[in-house]
Amino acid sequence: MEQEWKCFLSHFEVYLRLERLLSDHSIAAYLADVAKFSRFMLGKAVSPLTVDTAHIQEFLATLHDVGMMATSQSRILSGLRVFYKFLWLGRHITKDPTKLIESPQLGKYLPSVLSVFQVEAMVHAIDHSTPIGMRNRAIVETLYGTGVRVSELISLKLSHIYFEENFVRVIGKGNKERLIPIGAVALKYIKHYVQEVRSHMAIQSDYLDTLFLNRRGRGLTRVMIFLMVQALARKAKVQVEVGPHIFRHSFATHLIEGGADLRAIQEMLGHSSITTTEIYTHLDKSYLKQVMQTYHPRSHLNGSKIL
């Protein structure tokens, strides 16, 4: 039975890679979550083809009992839904056991954001006198100036930076491409890094077009970016919980506060649904008030009498 689980997980990986066109990071996450479930089912001697709704409910209850957050439970359930859709599409099963499972209730999540002052403090905490410092300045400016995800940042290509047109081409989730406008400041520091640092590096053959590199001329990892951002936050005495993703939240929030169109922000962030983007409007109630007062025809009296 263990071999049966391994076999289907192997075919599932191929499905995610070739049919869903997911990134390596997303594939690894799906496989890890389904593997957790497979170990639970092996303990009960249950085949992947005979799993029913009750089994999945029992598994989720176990996750809850050990204190797993609802967001993590929801993510694992999402992985199981994809796995059993794969089995159903392949006609290995006739009934999807996840169909009647309700997702765990999630509380409203408002992401942490940096103020403009905090962004400036982190930027000024970078030591610009070293090659690594020049690279890190370009990285921070790119994160904050485009709102890209960390996975997108580390896979950015030098050939995808359009210096004359002020655009960067990003390969996002599901290999979807999008063009993001990039400001003069971010472009200035990218160009400085490319000319003064990258051009003098011994770059490994597999990374000749990768924009941001480590000392050995190879690509960066998510962990490297995370540690770099946390070190900058400590140095700048930023008192909020900081990771690379906070620049993405700050990018969107500061655009909202400046009056940017929500659809434009959705496009730049690469959100498939605008409801995902709308969370940023909760961070600045003054923006919503301004939109109401400016555009609603009955938001003010306009001198008319009340009858």
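The values are calculated or read from the model by the stated rules, or taken from the named source; none is laboratory data. Because the structure is predicted, anything quoted here is derived from the model rather than measured. Cβ coordinates were reconstructed from backbone atoms using ideal geometry, including for glycine residues, and neighbour counts include every protein chain displayed.
Quick one: in the range 88-120, of everything that is among the polar types (S, T, N, Q) and modelled with pLDDT of 80 or more, which residue is farthest from Gln230 (Cα to Cα)? Filtering first and then ranking leaves Thr94. Checking the range 72-83 against the condition returns a match, with at least one residue being within 19 Å of Asp96 (Cβ to Cβ), of a type in the set (Phe, Trp, Tyr) and under 24 Å from the mean Cα position of the chain (by Cα). Residues that are surrounded by 16 or more Cβ atoms within 10 Å (Cβ to Cβ), of a type outside the set (A, V, I, L, M) and part of a helix (DSSP H, G or I) within the range 193-215 comprise Tyr193, Arg198, Tyr207, listed in sequence order.
Residues that are out of contact with any Leu (no Cβ under 7 Å at 6 or more places or on another chain) and assigned to a helix (DSSP H, G or I) within the range 158-176 comprise Ser159, His160, Lys173, listed in sequence order.
So, Leu179, is that one assigned by TED's automatic domain parsing to the domain that holds Ala252 and in a helix (DSSP H, G or I) or not? So Leu179 fails the test. When restricted to residues that are in contact with a His (Cβ under 8 Å, 6 or more places away or on another chain) and either surrounded by 14 or more Cβ atoms within 10 Å (Cβ to Cβ) or in contact (Cβ under 8 Å) with a residue 40 or more places away in the chain (or both), the range 22-47 contains 2.
Only residues that are β-branched (Val, Ile, Thr) and either surrounded by 15 or more Cβ atoms within 10 Å (Cβ to Cβ) or at pLDDT below 80 (or both) were counted in the range 121-130, giving 2.
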